[in-house]
Amino acid sequence: MQTAKQLSVSLVNKPGRLADMLGALNKGKVGFRALAVMDSGDRGTVRFVPDDYEKATEVLDQINVKYDPADVLLVEVPGQAGAFRKICERLASDHLNIDYAYSSFSEKGAKGGGLAVIRVNDLSKAQRVLGENGAARRKPQPGRRPTHAR
């Protein structure tokens, strides 16, 4: 798990607006670790984690596109049923709210897992809660033996 800078952009919801922005980023050699596009009527919101934050902001400034930066968590999600649910449960058990989340598949495809981008109300606390092993680290429950004990 790590943190990253995400950029949120609001675009007029018309043909070509997204393609123009993505074309400019491509021309500037900016790649994406994750990207989500959401419709909200006459405007759309594009959220993305660029592979080079500085280059991405330079390109957006050059084409006069306003953006909002945010710190987000990047969490590896194993390719098994319920893996993302477990991450959500860990955060909820420590009273952390997920403002929004989206994902990107790894190069291995859906079976290999993916990368979840999560915006939470307390980034540093979420980092402590998830720790290095993401959802794999669990709090022991009273009256139950740890799963690794024999």
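Derivation of every value follows stated rules applied to the coordinates shown; laboratory data play no part. Keep in mind that this is a model prediction, so the values were computed, not measured. Ideal geometry is used to build each Cβ from the backbone, glycine not excepted, and the neighbour counts take in all protein chains shown.
Values computed for the structure shown
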| quantity | calculated |
| --- | --- |
| Residue match in segment 9-31 (condition: outside any loop (DSSP other than H, G, I, E, B), in contact with a Gly (Cβ under 6 Å, 6 or more places away or on another chain) and surrounded by fewer than 18 Cβ atoms within 10 Å (Cβ to Cβ)) | yes |
| Residue match in segment 35-58 (condition: under 20 Å from Val129 (Cβ atoms), assigned to a strand (DSSP E or B) and touching a helix residue (DSSP H, G or I) at 6+ places or on another chain (Cβ under 6 Å)) | no |
| Qualifying residues in segment 41-63 (those that are surrounded by 15 or more Cβ atoms within 10 Å (Cβ to Cβ) and in contact with a Ser or Thr (Cβ under 6 Å, 6 or more places away or on another chain)) - the one farthest from Tyr102 (Cα to Cα) | Thr45 |
| Segment 21-63: number of residues that are free of Cβ contacts under 8 Å to residues at least 24 places away in the same chain and of a type in the set (Asp, Glu) | 4 |
| Filter result for Ala83 (in contact with a helix residue (DSSP H, G or I) (Cβ under 9 Å, 6 or more places away or on another chain) and either over 23 Å from Leu130 (Cβ atoms) or among the aromatic types (Phe, Trp, Tyr) (or both)) | no |
| Scope segment 64-85; condition surrounded by fewer than 16 Cβ atoms within 10 Å (Cβ to Cβ) and in a helix (DSSP H, G or I); matching residues | Arg85 |
| Hey, Ala19 over 21 Å from Ile118 (Cβ atoms) and in contact with a helix residue (DSSP H, G or I) (Cβ under 7 Å, 6 or more places away or on another chain) or not | no |
| Filter result for the condition that a residue is at positive phi and of a type outside the set (Asp, Glu), over Gly41, Gly28, Gly79 | Gly41 |
